[in-house]
1. How do the pairs read when you match residues in segment 11-30 that are within 14 Å of ILE43 (Cβ to Cβ) with residues anywhere that are modelled with pLDDT under 90, using Cβ under 7 Å and keeping only pairs 6 or more apart or on different chains?
2. Pairs needed: first member in segment 31-50, touching a residue at least 12 places away in the same chain (Cβ under 8 Å) and among the small types (Gly, Ala, Ser); second member anywhere, part of a loop (DSSP other than H, G, I, E, B) and surrounded by 14 or more Cβ atoms within 10 Å (Cβ to Cβ); C-beta distance under 7 Å; at least 6 residues apart or different chains.
Amino acid sequence: MTSIPTLSDLNMSHDPAQRGYHAVYREHQVNHCPGCGRTHWLIGRMSAECAFCSTALPLAEASMRSHTSAAVIQHRNRPQAAWAA
């Protein structure tokens, strides 16, 4: 069995800023599907799927969230108020 070369074996470094185009679904924007060009999406927790051709894109907000702490869900329509026990 042959081994797969790593980036260090190929004298390359991991630099996300130079990886080029990265398609993500952005909330509050018109998102055109890179597969078919349409704008109807089925939105999940971590990804959005085109309703016509099933192309999946990660949510931009989900990829920016820190995974070191627990997720806190805040409702947009509810004012921030303390909960009484």
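1. Between residues of segment 11-30 that are within 14 Å of ILE43 (Cβ to Cβ) and residues that are modelled with pLDDT under 90, the close pairs are VAL24/ALA60; VAL24/SER63; TYR25/ALA60; ARG26/ALA60; GLU27/GLU61.
2. So the pair list comes out as GLY35/THR55.
The values are calculated or read from the model by the stated rules, or taken from the named source; none is laboratory data. Computed from a predicted model, the values in this text were never measured in an experiment. With ideal geometry, Cβ positions are generated from the backbone for all residues, glycine too; neighbour counts draw on all protein chains shown.
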